[in-house]
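Novice: Got a structure for you, questions after.
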Amino acid sequence: MKKRMSLIPLALLLAMSLIATGCPPPVEPLEPVELVDPRYGGEIIVGFPADIKTLDPRLIVDVYSALVATQIGDPLVRLNERLEPIPALAESWYTPDPTTYIFNLRRGVKFHDGVEFTAADVKFTFETILDPDFGSPNRVHFLPVKEIEIIDDYTLKITLSEPMAPFLFQVMSMMEIVPKHYVEEIGAEDFAFAPIGTGPFKFVEWVPGDYVKLEAFEEHWRGRPYLDRVVFRVIPEATVRIMELEVGGIDYSVGVPPEEFARLEADPDIIAGKFPATAYAFLVPNLKHPILANKLVRQAISYAIDRETIIETILAGMASPATGPIPPTLVWAYTDDVRHYPYDPDKAKQLLAEAGYPDGFEISIMRGPGEVGVLTVTAIKEQLAKVGIEVELEILEFGVLLDRLFAFEYDIIHIGWTGVVDPDYGMYPLFKTDAGYNFNAYSNPEVDRLLEEGRMTIDLDTRRAIYHRLQEILAEELPHIFLTYPYTLFAYRSELEGFIHAPRRFGGPLNDLWRVWWRE
């Protein structure tokens, strides 16, 4: 079988970034993906590296939960393969002024229990997120929302307190709408484990640590999905996932060991693909830790890490060294004109001595399961030992890792951030004082001011200057120790059709299973 794989060219990535900010340059449209004789039936089994944590989209903080939730629910707006906003539950919208959005909602849409979707569900979803007592970590994205007004069952008016450049394609596309009547009936706690939505697949069962099962929703507003069922299996070991893929035990592997990619690419029964991710990998130092609160120590750690060797020996070249929280895929906002940290153990030792730790210190690094990640932190442990920093590694189940992260019960955590389709998403929730994903209590008044200006500014050149300055500050202060900009690697059985191979907010081609089908 001929493999129809192609990488998204840099010029197109630039076009996607500019389009997303409301300043579209001339660009050739993507060639549409035609579905040739699609058929109904069958199931797809997806191999996940880790279990999900919740199925309430208002509470989701991890990519695996998000990948399941996006099959169960729909947002108001979706992003296409060029990261442009396109209609979903909102079939159209307009902005009479920079702080007002009028959404015309799709009529006849049903939740999985047969109740019709209306503007009341949108208002309920967003207002619970905005309620501090609800505790949504996604509240930070919705803070500019001043008022949500129901004009009628199918018309909604959202007023912002200030202009927000990425509001439409970032905020409105990130949140699946939950059913007001059902959540109020069973409560938010139970909804997280037994959700319903308007999406193409209905929730059937979640066996923690084992699998999540979904089935086709016959009355989905886009039409019935081709697949009958979707099963997400938890298989933490990457080599086991790949073996299962090769023998047909699973049909799609989320996460491919970089060293296995070339072999899978050559397998006629497997389609393997890659493209630059909208993501970065990093270490989170707990800034409440008396040693890690010292900027010189964080800089020393950064100099002591040999990123190039990690990329070549562990990631098989499937990444590039990171200089900040904006990946190069976001071409208009990215800059490498910032402080760099090439591998320099002598410089690291010098900084440690200046910080008062000439003999080093002991520290722990936590991360979730996954062979590539474990190999990465093992290499970092060995590299830090060369400058006198002794590391204890703790490999935790992913949900436990997140709990530790949000509870500040860690020294350093190795993690990643994905879905950076606008610099605001890559910075504001992570580095704004007291923001929902400010994992390590970082606070800088100048950064706070620039972050507010960046999301309020519509002019692209002004935004670019703001985010370049922010990258300079963050590269100097290192609230995160930036490691790599990874590629998205994926592999699936060649009999499957309908996947879209283009950068997405998260998860690559797995985002939209509604159009996927089995070829006979």
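The values are calculated or read from the model by the stated rules, or taken from the named source; none is laboratory data. No experiment lies behind these values; they were computed from the predicted model shown. A quick note on method: Cβ atoms are made from the backbone with ideal geometry, for glycine too, and the neighbour counts reach across all protein chains shown. Calculation scope for accessible area: heavy atoms of the full protein, side chains included, ligands and nucleic acids excluded. Shrake-Rupley method; radii C 1.70, N 1.55, O 1.52, S 1.80 Å.
Novice: When DSSP assigns beta bridges and you keep just the ones with both residues in the chain, what percent turn out antiparallel, to the nearest 5?
Specialist: Around 75 percent antiparallel, to the nearest 5.
Novice: How large is ³J(HN,Hα) for each residue in region 179-195, as worked out from phi by the Karplus curve 6.51 cos²θ - 1.76 cosθ + 1.60 (θ = phi - 60°), to whole Hz, x for Gly and Pro?
Specialist: Karplus-based 3J(HN,Hα) across region 179-195 equals x, 4, 5, 6, 5, 5, 6, 9, x, 5, 5, 6, 4, 5, 10, 8, x Hz.
Novice: What does the highest-first list of 214-222, 76-84 look like by mean Cβ count within 10 Å?
Specialist: 76-84, 214-222
Novice: List the residues whose amide H sits under 5 Å from the amide H of residue 394, counting only those 5 or more places along or on another chain, with H placed 1.01 Å from N in the peptide plane.
Specialist: Long-range HN contacts for residue 394: 365, 366, 367.
Novice: What ranking, highest mean first, results for peptides 195-202, 385-392 when packing means the other Cβ atoms within 10 Å averaged over each residue?
Specialist: So the peptides 195-202, 385-392, ranked by packing, come out 195-202, 385-392.
Novice: Below 29 Å, Cα to Cα, which lysines can residue 274 reach? Residues fewer than 8 away in the same chain don't count.
Specialist: 2, 3, 53, 213, 381
Novice: Also: Per-residue ellipticity at 222 nm for the chain, helices alone: DSSP H runs ≥ 4 residues times -39500 (n - 2.57), over residue total, nearest 500 deg cm²/dmol?
Specialist: -8500 deg cm²/dmol
Novice: Then there's this: Treating only the Cβ of Lys, Arg, Asp and Glu as charged (+1, +1, -1, -1), what charge dipole size does the chain show about its Cα centre? Round to the nearest 20 debye.
Specialist: That gives the chain a dipole magnitude of about 740 debye.
Novice: While we're here: Please list, in order along region 137-148, the HN-Hα scalar couplings obtained from phi with the Karplus expression 6.51 cos²θ - 1.76 cosθ + 1.60 (θ = phi - 60°), rounded to whole Hz, x for Gly and Pro.
Specialist: x, 8, 4, 4, 6, 9, 4, x, 6, 8, 8, 10
Novice: Okay, moving on. With +1 on each Lys and Arg Cβ and -1 on each Asp and Glu Cβ, how big is the dipole of region 385-469 about its Cα centre, in debye rounded to the nearest 20?
Specialist: I would put it at about 340 debye.
Novice: Go through 468-474, 245-251 and give me the packing order, highest mean Cβ count within 10 Å leading. Numbers along the way, then the final one.
Specialist: Values: 468-474: 20.4, 245-251: 18.0.
My ranking of the peptides, most packed first, is 468-474, 245-251.
Novice: Continuing with the same structure: Per residue, how many Å² of accessible area does region 371-520 show with a 1.4 Å probe?
Specialist: Working: 5010 Å² over 150 residues.
Per-residue value: 33 Å².
Novice: Just the number please: accessible area per residue for region 23-181, 1.4 Å probe, all protein chains included, in Å².
Specialist: 39 Å²
Novice: Shifting gears a bit: Given +1 on the Cβ of Lys and Arg, -1 on the Cβ of Asp and Glu, and no further charges, what dipole in debye does region 209-278 carry about its Cα centre, rounded to the nearest 20?
Specialist: Dipole of region 209-278, to the nearest 20 debye: 260 debye.
Novice: Something else now. For region 322-472, give the percent of accessible area contributed by carbon and sulfur heavy atoms, probe 1.4 Å, rounded to a whole number.
Specialist: C and S atoms contribute 50 percent here.
Novice: Any idea what % of Cα-Cα pairs in the chain are farther than 32 Å?
Specialist: Of all Cα-Cα distances in the chain, 42 percent exceed 32 Å.
Novice: Determine ³J(HN,Hα), in whole Hz, for all residues of region 77-84 in sequence, where each value follows from phi through the Karplus function 6.51 cos²θ - 1.76 cosθ + 1.60 and θ = phi - 60°; x replaces Gly and Pro.
Specialist: Each residue of region 77-84 in turn: 10, 10, 10, 7, 5, 9, 6, 8 Hz.
Novice: Next question, about the same structure. Can you tally the net charge around residue 431? Count Lys and Arg as +1, Asp and Glu as -1, for every other residue whose Cβ sits under 15 Å from the Cβ of residue 431.
Specialist: Neighbourhood net charge equals -4.
Novice: Also, I was wondering about something else. In whole Å, how far is the Cα centre of region 438-454 from that of region 401-426?
Specialist: Answer, in whole Å: 15.
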